[in-house]
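Nothing in this text is a laboratory measurement; each read-out follows from the coordinates by a stated rule. As the structure is a computational prediction, the values presented were derived from the model and not from experiment. Ideal geometry is used to build each Cβ from the backbone, glycine not excepted, and the neighbour counts take in all protein chains shown.
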Amino acid sequence: MVDTVIVPLMMIVTVLAAVLVTVMYIVLLERKVQAWVQVRLGPMRVGPHGILQPLADVLKLFLKEDITPARADKWVFTAAPIIVLVPSLIAFAVIPFAAGLSLFGIDIPGRIADVNVGLLYIISVAGIGIYGIILGGWSSNSKYPLLASLRSSAQLISYEIAVTMTLVTVIMLSGTLSMVGIVDAQLSKGWWFAFMQPVAFGIYFIGSLAETNRAPFDLPEAEQELVAGFHTEYSGMRFAFFFLAEYANMIVVSSVATTLFLGGWLAPFPNVPWLSFLGLVPGWAWFMLKTFGFLYLFLWVRATFPRYRYDQLMRLGWKWLIPLAILNVVVTGLVKVLV
Amino acid sequence: MITTTHYMVLSAALFTLGVVGVMTRRNVIIVLMSIELMLNAVNINLVAFSHELQNAVGQVFAVFIIVVAAAEAAVGLGIILSFYRNKETVNIDEMNLLRW
Amino acid sequence: MVEAAAFYILATLILGFGVLVITAKSTVHSVLFLVADFLCVAALYVSLHAPFLAVIQVMVYAGGIVVLYLFVVMLVNLKRPPEAHSDPRRLGRLGVVMAAAVLTEVVAIFAVGWAKPAAAAGTLSAQNVEQIGRALYTDYLIPFELASFLLLVAMIGAIILAKREL
């Protein structure tokens, strides 16, 4: 009873709380990082150096008026933010944060669930999130959100193919679909998969920038373009859900990158004896460090690159990334068979 | 105690819903979706038998059925789109070009 | 006990969403009910110890095919109101006939006495992905290759049918 109901329940609560707090502070971190890149300071008023800014944001969003457009489809309009947010959060169920520890004699595993199709579960759940975007744009009964949502969902399903191909190469190397199994495979092979598959890592990074609607692929929701994209007509808590969902998606994508390419909760250089003090840092700390490093790349890229036009974006996805990813799969297969 | 018979009854009921959808609705997209319901009913049957006989072949065949459903949906919707471009309707009763 | 509760809840949801698919007035609502139906069927597969098929159902069916339906529904969204049943009594008469057919079949199933006890989980779900993969690549290699060929043909056909100018 304890280790089938209570421990997973506690882990779910912990993970959800951690994710929501992280999302709030990623928002602040993004504003700060962009500000420092642009030689200014960012939010400084609320709390020392703007630390309490996310609380002010959340309070503001709670108290805003909830407007529903006149002839919007009420049920679908309400359901769209939920459909976007829930898949982002449930993807955390299979991500392994640590090797597992023993607390007061109870074995607490390092993940909520170890499904033996864990990676496919994350891919399938990401596909469900697309519905929220399409429905959010359509149910607003307004031109610009509809156009933006169709563009955004077309972009998402295009780059999903390239990203899935890179995940196929990781599966070929690790021989298993289970996330815990992939980390164990990196432990047994001695190399993180980012070094064994640099092309796949690069394609995954670019594809996940497009998957989460981040710059330079954020045409569907940029302010200079289609007003505000598919969430134009949303205000208050509904908008907060879309916002939350986008940043939660970023964290999911970074966690998956960490698990698949950067060794999950493993410490670097395990075989070098004079670096063995790195093993003293707990697994979950390494996981957080790597995830935040990957997230920082996202923020850095946003502050640096100009936006892609929509046809350039689709051309990049279909004519460059997908053939490159398929070529990568073929080469990996050949190397595995011949070497 | 859930036996395979329960799954067969569920599958039969879902298949019936699909058939009723195909025969009564006039919107051709709803007709295609009812065909998907029928294919799902067949899948449920296959997986239930695969579970009873402890053989993976049922699930393999269900995968093939999903593949065929995907191909059929893509081509069917392509046909609907090109027809809509010509006749501006998705009502099956009005898709009677051979009657001129 | 848990399995029985799961089955009855999922069966009710599947059939309920199925009825809503074929009777909803707005086409977009029909498509959404279809998505919900497919997700419940995927949950049913999980309870039948077929996790690989469940994620394939969500990924391909709910996350691919129905997105295609949604796009087409939005592209052909007519200014006229959604089609009403051309003959409301027709639905009633057909429904009665169909229900009678199903009832006959169900009674026949129970009369033959096919109520064998459900097998235990056994070895099926532990190595589910490996078993399916092995079967696909050894016994069913030719259907597998034919299926990929079919997908290629369908892709080319759909692109050509839906292009504006050739």
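How about the range A:26-113: which chymotrypsin sites (Phe, Trp or Tyr not before Pro) there are in a DSSP loop, with at most 16 other Cβ atoms within 10 Å of their Cβ?
Those that pass, being in a loop and sparsely packed, are A:F104.
How would you rank C:I14, B:I65, A:I26, going from fewest to most other Cβ atoms within 10 Å of each one's own Cβ?
Final ranking by Cβ density, sparse to dense: B:I65, A:I26, C:I14.
Any chance you could run the full-extension gain for A:E65 through A:K189? It's 0.36 nm times the residue separation minus the Cα-Cα distance, nm to one decimal.
Gain in length upon complete extension: 39.1 nm.
Between beta-carbons, use under 14 Å as the cut-off and find the net charge around A:M250, counting Lys and Arg +1, Asp and Glu -1.
The answer is -3.
Taking other Cβ within 10 Å of each residue's Cβ, how do C:Y69, A:Y159 sort, fewest first?
C:Y69, A:Y159
Suppose every K and R has +1 on its Cβ and every D and E has -1 on its Cβ; what is the size of the dipole of chain A about the Cα centre, in Debye to the nearest 20?
Here chain A has a charge dipole of around 660 debye.
7 Å from Cα along Cα→Cβ at both A:I108 and A:V5: what's the point-to-point distance in nm?
Going from the A:I108 label point to the A:V5 one covers 2.0 nm.
For each of A:T259, B:T5, count neighbouring Cβ atoms within 10 Å of the residue's Cβ, then give the residues from fewest to most.
B:T5, A:T259
Would the range A:95-209 count as rounded, prolate or oblate if I go by the C-alpha gyration tensor, calling it rounded below 1.5 in a/c and otherwise prolate when a/b exceeds b/c, oblate otherwise?
Oblate, since a/c reaches 1.5 and b/c is not below a/b.
Give me the one-decimal nm value for the distance between modelled label points at A:Y25 and C:S148, 7 Å along each residue's Cα-to-Cβ direction.
4.7
Between helix B:57-87 and chain B, what is the angle of the helix's C-alpha long axis to the longest principal axis, kept within 0 to 90° and rounded to the nearest 10?
Computed tilt is about 10 degrees.
Compute the acute angle (0 to 90°) between the alpha-carbon long axis of helix A:74-90 and the principal axis of greatest extent of the alpha-carbon atoms of chain A; round to the nearest 10°.
20
Assuming R0 = 56 Å, what is the FRET efficiency of C:L103 and A:D311, from their Cβ-Cβ distance, to the nearest 0.05?
0.50
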